[in-house]
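Chemist: First the structure, which I've put down as structure tokens, then a few questions once you've had a look.
The values are calculated or read from the model by the stated rules, or taken from the named source; none is laboratory data. For clarity, every value in this text was computed on a predicted model and none was experimentally measured. Please note: Cβ atoms are built from the backbone with ideal geometry, for glycine as well, and neighbour counts cover all protein chains shown.
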Amino acid sequence: MAAPRRNYRVFLSHAATDSWVARQLRRSMIEQGAAVFLDEASIAIGADFEQKIRQSLRRSNELVVLLTPWALERHYVWVEIGAAWGMGMPIIAVLHGVTPRQLSELPNTPVLLKRRNLIELNEIDRYLVQLKRRVQDAVG
């Protein structure tokens with residue numbers, strides 16, 4: 001029996017330091033029926049990393065970015081946010097170790113993130129319920 005086709009795709013952006021947390025988020029999103037791009041699980045060793053990132057972003061319905069103190073320092077995280085914004089893709093920022101106030105007070109935080117609904121990791125279940133609805137709408 002073939003695995004069910006997953007029509008709703010989530011691109012999960014994170015810093016390498018946060019890989020364990022990102023894997024837990026990925027697993028929870030898959031349980032909701034979404035296909036989830038996570039670089040370490042989705043890009044083969046030796047593959048063209050940047051090409052795979054661009055392809056996966058173009059194919060995704062939304063970007064979920066895990067914002068931690070480490071992620072705030074990673075250029076790839078900011079590039080992925082900017083690319084998603086440029087494509088008009090919904091951006092969901094999951095905060096872990098950073099408060100909304102701290103994020104808004106950082107001098108380099110783009111306005112596009114300050115205007116977004118931010119969710120703290122401890123409240124991820126709210127996001128997962130909404131993700132499940134979006135997945136079901138994509139199938140229907």
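Chemist: Quick one: which of Ala93, Ala84 is without any contact (Cβ under 8 Å) to a residue 40 or more places away in the chain, of a type outside the set (D, E, K, R) and either assigned to a helix (DSSP H, G or I) or closer than 21 Å to Thr17 by Cα (or both)?
Modeler: Values: Ala84 fails: without any contact (Cβ under 8 Å) to a residue 40 or more places away in the chain.
Within the list Ala93, Ala84, the selection yields Ala93.
Chemist: Any residue at all in the range 6-19 that's over 17 Å from Asp137 (Cβ atoms), among the small types (Gly, Ala, Ser), modelled with pLDDT of 95 or more and surrounded by 12 or more Cβ atoms within 10 Å (Cβ to Cβ)?
Modeler: no
Matching residues to (1) surrounded by 18 or more Cβ atoms within 10 Å (Cβ to Cβ); (2) polar (S, T, N, Q); (3) at pLDDT below 85; (4) more than 13 Å from the chain's Cα centre (by Cα):
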position	(1), (2), (3), (4)
Val36	yes, no, no, no
Ser56	yes, yes, yes, no
Val77	yes, no, no, no
Pro90	no, no, no, no
Thr109	no, yes, yes, yes
Arg115	no, no, yes, yes
Asp125	no, no, no, yes
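Chemist: Now a separate question. With Gln24, Gln32 as the choices, which residue is within 16 Å of Ile124 (Cα to Cα), modelled with pLDDT of 90 or more, in contact with a Lys or Arg (Cβ under 6 Å, 6 or more places away or on another chain) and not hydrophobic (A, V, I, L, M, F, W, C)? Quick ask: steps written out before the conclusion?
Modeler: Numbers: Gln24 fails: in contact with a Lys or Arg (Cβ under 6 Å, 6 or more places away or on another chain).
Just one listed residue meets the conditions, Gln32.
Chemist: Those residues that are in a helix (DSSP H, G or I) and either of a type in the set (A, V, I, L, M) or within 19 Å of Gln102 (Cβ to Cβ) (or both), I need them from the range 117-132; list them, please.
Modeler: Taking the range 117-132 first, the residues in a helix (DSSP H, G or I) are 121-132.
Correct list: Leu121, Asn122, Glu123, Ile124, Leu128, Val129, Leu131.
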